[in-house]
Amino acid sequence: MDVKRVVVVGIPGVGKSTVVSKTRDMLSSRGLNVDYVVFGTVMMKEAEKMGVKHRDDMRKLPVSEQRRLQVKAASEIADMGSEILLIDTHLFIKTKEGYWPGLPYDVAKALSPTHIILVNATPSEVISRRSRDRERYREIIGEEEVLEEMSIARDMLSTVAVLTGASALIVDNSEGRVDEAAAKIVSALGVT
Ligand code: AMP
Ligand code: MG
């Protein structure tokens, strides 16, 4: 089978990590060699050395420092050679300096995705999932702002697809239907 490098993105609160975990389980249960890497966790290992205590504090660092962490994480992940690699990350990070790309050209190129999957949910689902997540410092915003974030995400999705040649897919993660979202991803990967 051709190697699949699947980048999964989505604004905070869409339930991205839940969908990716389910996707991994579905692929593994078919006997496929699948690895799952969370980009933010790889960055956090390095950020901890600089005294950052919580993953949600990384986005508050100056963008120049986040950029250094980002490039380092990308090069570590680029070396992973799984049959199927699922990469849980972000199209953009909301920083004090503005919407900052999670997959700028050099990072996207290093990851060389075959597929880029945008997990989507309704604004009210996003808001309620953000406020339910007690372990995280999620930004609580109104529906208008969620819609703005989603629109930025779609713009960046197209850009990354064009830059890398990856196929772009948008998958809804409706309340209580994670299995359906994961099944759509599995089917898009063309594995049987
Ligand atoms: P997550 O656990 O997916 O919410 O990611 C935690 C944090 O990791 C994010 O808020 C960002 O600070 C950072 N992060 C994840 N992916 C990227 C990326 N591609 N570029 C820059 N920062 C990232
Ligand atoms: Mg997550």
Check your understanding: Which residues, counting only those in the range 54-84, are closer than 26 Å to residue 186 by Cα, open to solvent by 70 Å² or more (accessible area, probe 1.4 Å) and modelled with pLDDT of 95 or more?
Key -> 76
Review point. Just to be sure, is residue 31 small (Gly, Ala, Ser) and within 16 Å of ligand 2 (Cβ to nearest atom)?
Key: no
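So that you can scan it fast, the table gives a plain yes or no per residue for (1) open to solvent by less than 10 Å² (accessible area, probe 1.4 Å); (2) more than 17 Å from the chain's Cα centre (by Cα):
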residue: 94; (1), (2): no, no
residue: 132; (1), (2): no, yes
residue: 136; (1), (2): no, no
residue: 145; (1), (2): no, yes
residue: 153; (1), (2): yes, no
Exercise for review: Quick one: residue 9 ticks every box in (1) touching a strand residue (DSSP E or B) at 6+ places or on another chain (Cβ under 6 Å); (2) more than 28 Å from residue 125 (Cβ to Cβ); (3) within 16 Å of ligand 2 (Cβ to nearest atom) except a single one, so which number is it?
Suggested key: (2)
Revision key, fill the gap. Output for Cβ contacts, cut-off 8 Å, separation at least six or different chains, first residue part of a loop (DSSP other than H, G, I, E, B) in the range 130-155, second surrounded by 15 or more Cβ atoms within 10 Å (Cβ to Cβ) and of a type in the set (A, V, I, L, M), reads 140/127; 141/127; 142/127
Revision key, fill the gap. Over the range 15-67, the set of residues in contact with a strand residue (DSSP E or B) (Cβ under 6 Å, 6 or more places away or on another chain) and free of Cβ contacts under 8 Å to residues at least 12 places away in the same chain is 28
Check your understanding: When only residues in the range 37-53 that are open to solvent by 30 Å² or more (accessible area, probe 1.4 Å) and closer than 23 Å to residue 130 by Cα count, which is farthest from ligand 2 (Cβ to nearest atom)?
Key -> 53
Point to revise | Single condition residue 113 does not satisfy, out of (1) at pLDDT 95 or above; (2) part of a loop (DSSP other than H, G, I, E, B); (3) touching a His at 6+ places or on another chain (Cβ under 8 Å) | key: (3)
Revision key, fill the gap. A careful count of residues in the range 1-52 that are part of a loop (DSSP other than H, G, I, E, B), more than 11 Å from ligand 1 (Cβ to nearest atom) and closer than 30 Å to residue 146 by Cα gives 1
Point to revise | So residue 90, is it under 19 Å from residue 165 (Cα atoms), within 12 Å of ligand 1 (Cβ to nearest atom) and either open to solvent by 40 Å² or more (accessible area, probe 1.4 Å) or in contact with a Lys or Arg (Cβ under 9 Å, 6 or more places away or on another chain) (or both) | key: yes
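The values are calculated or read from the model by the stated rules, or taken from the named source; none is laboratory data. Since the model is a prediction, treat every value here as computed from it, not as a measurement. Every residue, glycine among them, receives a Cβ derived from its backbone with ideal geometry; neighbour counts consider all protein chains shown. Just the protein is used for accessible areas: all its heavy atoms, side chains included, with ligands, DNA and RNA removed. Shrake-Rupley method; radii C 1.70, N 1.55, O 1.52, S 1.80 Å.
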